[in-house]
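The values are calculated or read from the model by the stated rules, or taken from the named source; none is laboratory data. Quick caveat: nothing in here was measured; it's all calculated off a predicted structure. So basically every Cβ, Gly included, is an ideal-geometry build from the backbone, and we count neighbours across all protein chains shown.
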Amino acid sequence: MDARLEAVRDTVLARNPGEAEFHQAVVEVFESLGPVHDRHPEFLEAAILERLCEPERQIIFRVPWTDDSGRVQINRGFRVEFNSALGPYKGGLRFHPSVYLGIVKFLGFEQIFKNALTGMPIGGGKGGSDFDPRGRSDAEVMRFCQSFMTELYRHIGEYTDVPAGDIGVGGREIGYLFGQYKRITNRYESGVLTGKGISWGGSLVRPEATGFGTVIFTEEMLKTRGSSFDGQRVVVSGSGNVAINAIAKAQALGANVVACSDSSGYIVDEAGIDVGLLRQVKEVERGRLKDYVLRRSGVAYVEAGSVWDVDATVALPCATQNELDGGAAARLVRNGLVAVGEGANMPSTRDAVAVFQEAGVLFGPGKAANAGGVATSALEMQQNASRDSWSFEHTEQRLTDIMVGIHHRCAATADEYGDPGNYVLGANIGGFVKVADAMLAQGLI
Ligand code: GLU
């Protein structure tokens, strides 16, 4: 790493102790930024990096609610409003027991660059709670969401901060959150949340957008080597919203998607995963992958174990952070991997990224490859602002254009900075320069 940036990094790590994921996200970005600071000493002078690593505002709050047996439960809520140079804070809410400030800050930090890369006018933020929706009834989830919003509402707004979903927050939760916001404020402010239902201000393609976008970005990477998804053997991790839609899109482009996973194990379906059945099990019944195996013959279920043991030419990690380590990366490379598109945020460890890059594998980092979700959220905001709703075809075309544009921006930036094909460098520099220019223009804020 560049010596000037090392000093800033050390300060950032020291003043945010115990936040391992945030440290990891910051270090990864800093490693790309040396060449930018050679060309732009004004960024150093204005302490852009120091400011960028310090969130504009961090909100932590108590979320009390009662479970179905009448017992009082207490969770912790977070919203980190990281950077508003390009637009209102924008980013999802994650409900998962692992959520703490370090996770929310890593996600919010990544979101700044991701959102900049989309070319849409959105800043970066993220939030969530250590609430675990698994095993909770609809009524419990509703009471939790209502309590969460009873505090959050005063901090958000269509011109201020626009949350959406992430792990553990889908259409059901956004519905409960929006209903409570509307009730408290007495405003039908559609643009305050994205990922809404289609009949009340949501956008077509938003549910599919992250997974579809990841595949579109990966297809663009494959094209640079004269290849495509057609005929690839694909392994996907996860089996939530992002994974399911990545599987569907990869199959539509001619790939054979043979495996996916949940936190209990993984399935191998050599005939190609049946997306209809997977949606039924996971989205309609809120079940587990074990239930998929019971309903279809010829499917292997491997309890525990790593889905990355399955050989593939294309890997799409769509589960969660640090799910793919150096050992798994080396195995995948030995088994013939040619490309990785990250549907999740920071799913590959730093060791894994190094293995992929060393082996010449096409590697699309999450902040570029999975930006289709938030980009389509920005399209939802556009539709809300104009009180309009667009067709599926039109919205999907916009998403495709945005993903092709992000790929182009990353590739062109990597070329410009002398490291062709390095999408990590391209994404980090491409996103950073846009935000840094805006911050410089807006003075010391
Ligand atoms: N949580 C998603 C992400 O990681 C989407 C955020 C949004 O739509 O605002 O980008």
Is it the case that region 207-222 has a residue that's surrounded by fewer than 24 Cβ atoms within 10 Å (Cβ to Cβ), at pLDDT 95 or above and closer than 30 Å to Leu152 by Cα?
yes
Pull up region 409-442, narrow it to residues that are without any contact (Cβ under 8 Å) to a residue 24 or more places away in the chain and part of a helix (DSSP H, G or I), then point me to the one that is surrounded by the fewest Cβ atoms within 10 Å (Cβ to Cβ).
Ala441
So which strands (runs of 3 or more DSSP E) are wholly in region 277-381 and hold at least 1 residues that are touching a Gly at 6+ places or on another chain (Cβ under 6 Å) and crowded, with 24+ Cβ neighbours inside 10 Å?
314-317, 339-341, 362-364
State which residue pairs qualify: first residue closer than 18 Å to Val29 by Cβ and part of a helix (DSSP H, G or I) and inside region 113-127, second residue of a type in the set (Val, Ile, Thr) and near the ligand (Cβ under 9 Å from one of its atoms) in any location, beta carbons under 7 Å apart, and separation of 6 or more residues or different chains.
Lys114/Val374; Asn115/Ile122; Asn115/Val374; Thr118/Val374
Return the pair list, or none, for Cβ contacts closer than 8 Å from residues in region 161-172 that are at positive phi to residues that are surrounded by 24 or more Cβ atoms within 10 Å (Cβ to Cβ) and assigned to a loop (DSSP other than H, G, I, E, B), at least 6 apart or on different chains.
Gly168/Phe131
Filter region 138-161 down to residues that are over 18 Å from the mean Cα position of the chain (by Cα), under 30 Å from Met403 (Cα atoms) and buried (at least 18 other Cβ atoms within 10 Å of the Cβ), then give me how many there are.
1
Among the residues of region 138-163, write down those that are part of a loop (DSSP other than H, G, I, E, B) and either in contact with a strand residue (DSSP E or B) (Cβ under 9 Å, 6 or more places away or on another chain) or within 28 Å of Ser239 (Cβ to Cβ) (or both).
Ile156, Thr160
Does Lys105 qualify as being in contact (Cβ under 8 Å) with a residue 40 or more places away in the chain and within 11 Å of the ligand (Cβ to nearest atom)?
no
Please work out which residue is farthest from Phe148 (Cα to Cα), limiting yourself to region 190-216 and to residues that are within 15 Å of the ligand (Cβ to nearest atom) and of a type in the set (Ser, Thr, Tyr).
Thr214
Has region 120-137 got any residue that is modelled with pLDDT of 95 or more, surrounded by fewer than 17 Cβ atoms within 10 Å (Cβ to Cβ), under 25 Å from Asn83 (Cα atoms) and not charged (D, E, K, R)?
yes
What pairs come out if I take residues in region 75-94 that are more than 12 Å from the ligand (Cβ to nearest atom) and pair them with residues that are modelled with pLDDT under 95 and in a strand (DSSP E or B) whose C-beta lies under 6 Å away, six or more apart or interchain?
none
Just to be sure I understand, how many residues within region 44-72 are in contact (Cβ under 8 Å) with a residue 60 or more places away in the chain and either within 13 Å of the ligand (Cβ to nearest atom) or surrounded by 15 or more Cβ atoms within 10 Å (Cβ to Cβ) (or both)?
8
Quickly run through region 164-189 and pick out the residues that are farther than 22 Å from Glu393 by Cα, in a helix (DSSP H, G or I) and either among the small types (Gly, Ala, Ser) or within 16 Å of the ligand (Cβ to nearest atom) (or both).
Arg172, Glu173, Ile174, Gly175, Leu177, Phe178, Gly179, Tyr181
Candidates Ser391, Ser377, filtered to the one that is more than 16 Å from Glu219 (Cβ to Cβ) and within 16 Å of the ligand (Cβ to nearest atom)
Ser377
For region 7-22, what are the residues that are in contact (Cβ under 8 Å) with a residue 24 or more places away in the chain and in a helix (DSSP H, G or I)?
Val8, Thr11, Val12, Ala20, Glu21, Phe22
Restricting the search to region 114-130, which residues are more than 16 Å from the ligand (Cβ to nearest atom) and either β-branched (Val, Ile, Thr) or under 15 Å from Gly170 (Cα atoms) (or both)?
none
